[in-house]
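Beneath this line is the structure, given in structure tokens, with notes to follow.
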């Protein structure tokens, strides 16, 4: 049979031109020639050793390339680059300018009264028990004030009335005459003091709070609204009785209604005797407190809401310490609102206030008012 020859002739077939494919021709190991199977095993071992030697170098190169590429990639944008850091003072100025609005229709000298100068300070950062911590108010710009259409004190309804409720001892606060003089200088309107009226005649609800009788301030305003004099712009009552606005609050220094033109405020908490203390107190301190609260509440009756722009008499007040920190003057934004309503001369107003402050012994306030008057009259 010819099968062996065929097999034999198949065994001697070679493909010398195939180069690297020689080892795959099917020559059995040990058949002679150049032993391609042995060389392949050796090559595998050499390549294995070479791979082991190269591996750490390749790994190092890959790591270095990755680090390089990561540096080339754009870094994530810093949020502070998107919203740039603005100094606190600049933020205050921006908010102030937005609230004030345009003054272009005023002369340069008139504009000076409503500029933010070093006579004024920013609103202090609210402490945990301060007004703004409990009442984060949006503020009232000059434009918003005009849009609210506040009541106008047009003749004959242009007088401010003060109604004493019960006795007002001079050692516990200002007299009604001092209140009237200050109100006239502050608002540039005539102030009339009515005869003293008993608290009992009001017939308003009361409650006990810490062993102290309190009057329902809202009920007092309801009574005053029905008794507003015909030639009055507004009516404010003053009393030594403690007040509360509603059952949610412990007390209130004063309360007023913007459009009904009635208000009430209390001297009760201005003196240490209210808290059972026996030590004395400088009368000027309780006078300051009373004048601040009265002008604040009457300011509400002229349509002014709480101020958040600068440290101002119209800032909200939550307790006695915050009241003491508050200034007696209006900031330029609130002064501009009142100026639009009443049309007074700011320099003359400051002059009248300085005289009142000096008579009451409020030296720092008198000095400040004089500085403002001089600043406006001399142009610097």
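A few remarks follow.
- Given their separation in residues at 0.36 nm each and the Cα-Cα distance between them, residue 151 and residue 61 gain 24.3 nm when the chain is fully extended.
- The range 150-224, relative contact order in percent, only Cα pairs under 8 angstrom and at least six apart counted: 28
- Over the range 247-373, relative contact order from alpha-carbon pairs under 8 Å, at least 6 apart, %: 19
- Mean separation of Cα contacts under 8 Å (6+ apart) over length of the range 208-279, as relative contact order %: 31
- Note on residue 129 and residue 41: their simple-model spin labels are 9.4 nm apart, each label 7 Å out from Cα toward Cβ.
- Ratio of Rg to Rh for the range 260-364: 0.98 [Cα atoms; Kirkwood radius as inverse mean 1/r over pairs].
- Peptide ranges 106-117, 252-263 listed from the most packed, as the mean C-beta count within 10 angstrom indicates: 252-263, 106-117
- Dmax and Rg, reported as Rg then Dmax, of the range 190-314 (C-alpha, Å): 14.9, 44
- Stretchable slack from residue 121 to residue 367, in nm (0.36 nm times residue separation minus alpha-carbon distance): 86.9 nm
- Descending by average beta-carbon neighbour count within 10 Å, the peptides 295-306, 170-181 line up as 295-306, 170-181, the highest first.
- DSSP-defined beta bridges in the range 148-252 - what % are antiparallel, rounded to 5: 25
- Under 12 Å from the residue 274 label point (7 Å along Cα→beta-carbon), backbone N, the range 221-244: 239-244
- Between the beta carbons of residue 226 and residue 319, assuming R0 = 35 Å, the FRET efficiency works out to 0.60 to the nearest 0.05.
Every number in this text was worked out from the coordinates using simple rules, so none of it is lab data. Just so it is clear, the model here is predicted, and its values are computed rather than measured. Positions of Cβ are generated from backbone atoms using ideal geometry, with glycine treated the same way; all protein chains shown enter the neighbour counts.
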